Amino acid sequence: MNIRGLKRNAEEAIRQQTKLASEGKDFSTAVLVEAKRQIELIDSIIPQITPEEWQRIKAGVPGIDRDMRDCKDIKERLGLSWNELKMLKDLQIDEPKKIRYRFDIVKALTDSGYVLQDLRRQHKISESTLQKIRNGELITLKSLEVICELLDMQPADLIEYS
């Protein structure tokens with residue numbers, strides 16, 4: 001299940017239990033408490049998990065296929081139970097969308113006959129810009145404009161938002 005689905009289910013459980021309580025019918029305090037904890041996990045705790053911690057959690061949850069000590073520090077830092085940590089392993093995290101290069105721009109420049117050293121000497125593209133491109137980092141619009149001109153392409157040909 002993904003985060004949005006988990007939150008939607010928890011909110012629905014709270015609505016149902018609250019409605020039952022307001023009608024004077026039997027309701028489950030345990031369901032209500034669990035649903036509120038899930039919303040707390042989603043809104044407050046999950047955003048605190050670092051990418052490195054996610055990798056460790058996804059690689060294996062304590063007590064299942066790795067030594068319990070491997071994720072104990074994460075559990076304690078975030079105040080999680082072992083069951084909550086196990087639940088996180090199965091949770092699908094939506095990768096944030098970001099701007100990405102559609103292809104290897106540096107290779108495209110060299111394949112088009114440009115010598116990178118000449119481009120640097122001519123002050124068309126700096127070494128730091130080339131390094132950012134190699135690392136998949138964002139460059140300035142001015143640099144993007146220069147590359148579009150050199151490769152005779154539009155920005156959408158070079159980058160995508162996905």
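Over the chain, the fraction of Cα-Cα pairs per 10 Å bin, rounded to whole percents and listed from the shortest bin up, is 9, 26, 17, 17, 17, 10, 4, 1. Helix 3-22 axis versus longest C-alpha principal axis of the chain: approximately 30°, rounded to the nearest ten. With contacts taken as Cα pairs under 8 Å and at least 6 residues apart, the chain reaches a relative contact order of 20 percent.
Dipole magnitude for the stretch 99-161: computed about the Cα centre from +1 point charges on Lys and Arg Cβ and -1 point charges on Asp and Glu Cβ, it is near 220 debye.
Taking the helices alone, the chain has a mean residue ellipticity at 222 nm of -16500 deg cm²/dmol, built from -39,500 (n - 2.57) per DSSP H run of at least 4 residues and averaged over all its residues.
Each Lys and Arg Cβ is given +1 and each Asp and Glu Cβ -1; about its Cα centre, the chain then shows a dipole of about 200 debye. With the charge dipole of the chain set up from +1 on Lys and Arg Cβ and -1 on Asp and Glu Cβ about the Cα centre, the Cα lying farthest toward the positive end among the listed residues Pro155, Trp82, Ile125 is that of Trp82.
When Rg and the Kirkwood Rh are both derived from Cα coordinates, the Rg/Rh ratio for the stretch 99-161 amounts to 0.91.
Past 24 Å, Cα to Cα: identify those pairs from Lys36/Lys98; Lys107/Lys132; Lys58/Lys98; Lys58/Lys107, in the order given. Violating the 24 Å limit, Cα to Cα: Lys36/Lys98; Lys58/Lys107. Helix 141-151 and the longest principal axis of the C-alpha atoms of the chain enclose an angle of approximately 50°. When the Cα positions of Leu20, Gln38, Cys71 are compared along the charge dipole of the stretch 3-90, Leu20 comes out farthest toward the positive end, with charges on each C-beta of Lys, Arg, Asp and Glu.
Where a number appears in this text, it was derived from the coordinates with a stated rule and is not lab data. It should be emphasised that the depicted structure is a prediction, and the values quoted were computed from it without experimental measurement. For neighbour counting, all protein chains shown are included, and Cβ atoms are generated from backbone atoms with ideal geometry for every residue, glycine included.
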